[in-house]
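The values are calculated or read from the model by the stated rules, or taken from the named source; none is laboratory data. A quick note: this is a predicted structure, and the numbers were derived from the prediction, not measured. Here the Cβ is made from the backbone with ideal geometry for all residues, glycine too, and neighbour counts use every protein chain on show. Keep in mind that these areas ignore ligands, DNA and RNA; they rest on the heavy atoms of the full protein, side chains included. Shrake-Rupley method; radii C 1.70, N 1.55, O 1.52, S 1.80 Å.
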Amino acid sequence: MLRKEDFESNMETEDKIPGAQPENPAQSERFGDFIVKYMQNVQETMELFPGTVFQAINEIFGVLYVPLEHMGELEVTGTSYNSIPKCYTYMDMEAAGASGINRLHDHPYLKLRGKGTAVAVIDSGIDYQNMVFRNAGGSRIAYLWDQSLEEENDTEGAEVPYGRLFRKKDIDRALDLENPFSIVPSRDNNGHGTALAGIAAGNTVPGETFTGAAPEATLIIIKVKPAKQYLRNFYLYPPDAEIFQENDVMMAVAYAISWAKELKMPLSICLGIGSSQGAHLGTNALSQYV
């Protein structure tokens, strides 16, 4: 089980400026990310590279954040390829009607509409103002974790290791305002995550003959932060490519599971990003974890 202490930072705090917020290695371009298993000698690596921070994903996997200034140039010959996060980008989507979903909604004995279940969408975020994600009780989004946002000044007791977490009460409060982004500043700038969430769990819109696969499900949304520059350089990605890191996706899955347990609901995970990297044998860290 995930514990609060698994996500507490090990960063040295001696050089902190009074009143300033410490840098989060998960979001900092000064740190390189490496996926490790607990049975590997994590402590030895941390001693070898001063300033290294370890963060658990689950009982098996974790991430080492190593200062790039101590690490030198990233090379496969000097680092296990499996430990270097693979990069993911958006995948294409097809219409729900072709899959026979509508027949399951209307079947007199099944009526499978997602009630009492949770759907996690791990992608580019969501347009939480869209009416297909709202009902008479307000937003259908129970949790919205935006990994890309900077942490608030007061991070004491933060519920996520980086970025910001918004619960349904926060989103409902934002929806009542003229400027909802003053409370929940998370945006889906690409639209891919919103589209995927709509297909997976959007409300039925009779006038537009639209419905998601599970229109009565509770939503858990995780906006994955962009990949760091050192990985873009290593994999030779163009500057405008929208790519994401394997370890951030793993962290998203871990928290989606923990929140579904908090909701006491079965969970389906929609991962709308994929990769052509790796051996395609199910041996990379994300495949093993899933």
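Points worth noting:
- Averaged per residue, segment 143-290 has 47 square angstrom of accessible surface, using a 1.4 angstrom probe with ligands and nucleic acids left out.
- Coupling constants for segment 62-75 follow from the phi torsions by the Karplus curve (6.51 cos²θ - 1.76 cosθ + 1.60, θ = phi - 60°), and in residue order they are x, 10, 9, 9, 10, x, 5, 5, 8, 9, x, 5, 6, 9 Hz; glycine and proline get x.
- Listed residue pairs exceeding 28 Å between alpha carbons, taken from K169/K228; K169/K225; K37/K228; K86/K264; K37/K223: K169/K228; K86/K264
- In segment 177-267, the portion of solvent-accessible area held by carbon and sulfur atoms comes to 57 percent [1.4 Å probe, whole percent, DNA, RNA and ligands not counted].
- DSSP bridge pairs, segment 133-290: antiparallel proportion in percent, nearest 5: 60
- Relative intensity, log₁₀ I(q)/I(0), of segment 165-290 from a Debye sum that treats every alpha carbon as a point, q = 0.21 Å⁻¹: -1.44
- Residue ranking by accessible heavy-atom surface, 1.4 Å probe, largest first, among L286, L267 comes out as L267, L286.
- Gap separating the Cα centres of segment 120-182 and segment 49-91, nearest whole Å: 28
- Positive contributions from Lys and Arg (+1) and negative ones from Asp and Glu (-1), summed over other residues with Cβ under 15 Å from the Cβ of Y230, come out at -2.
- Using only Cα coordinates, the Kirkwood hydrodynamic radius of segment 27-68 works out to 10.3 Å.
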